[in-house]
Amino acid sequence: MITGRPTKYTEDILNKVEAYLEMRDDSYEVAYKPRIKDGVLQETDEAYLKYKLPSIEDLALFLEVNRDTLYEWEKEHAKFSDILNKLRSKQATELIN
């Protein structure tokens with residue numbers, strides 16, 4: 001019998017994912033558009049909002065696992081699949097807005 005590494009998937013992972021998604025609710029910062037004049041970077045007062053969208057890649061970093069691991073968990077665990085779908089929905093909604 002071939003066995004792999006034990007999974008890191010636990011109920012605690014689901015709590016961490018929910019915490020990640022809550023962190024990303026309305027998560028944005030005010031940024032300023034840079035301007036270069038005569039080869040010198042200058043400050044401007046032209047501001048815009050920079051959103052920090054949830055992403056599978058960022059979630060993988062947050063959980064300290066490989067992105068492919070998240071896709072495997074999505075196939076194997078219905079609750080995790082629901083969470084990734086929620087993440088994708090949040091992402092789509094933010095991009096549309």
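The values are calculated or read from the model by the stated rules, or taken from the named source; none is laboratory data. Owing to the predicted nature of the structure, the values given are computational and were not obtained by experimental measurement. Neighbour counts are summed over all protein chains in view; Cβ atoms, including those assigned to glycine, are modelled from backbone coordinates with ideal geometry.
For the reader, a short list of remarks on this structure follows.
- Only one of Leu87, Leu53, Leu95, Leu59 that is under 10 Å from the mean Cα position of the chain (by Cα) and farther than 12 Å from Val17 by Cβ: Leu53
- The set of residues from region 20-44 being among the aromatic types (Phe, Trp, Tyr) and modelled with pLDDT under 75 comprises just one member, Tyr28.
- Residues in region 45-97 that are among the aromatic types (Phe, Trp, Tyr) and modelled with pLDDT under 90: Tyr48, Tyr51.
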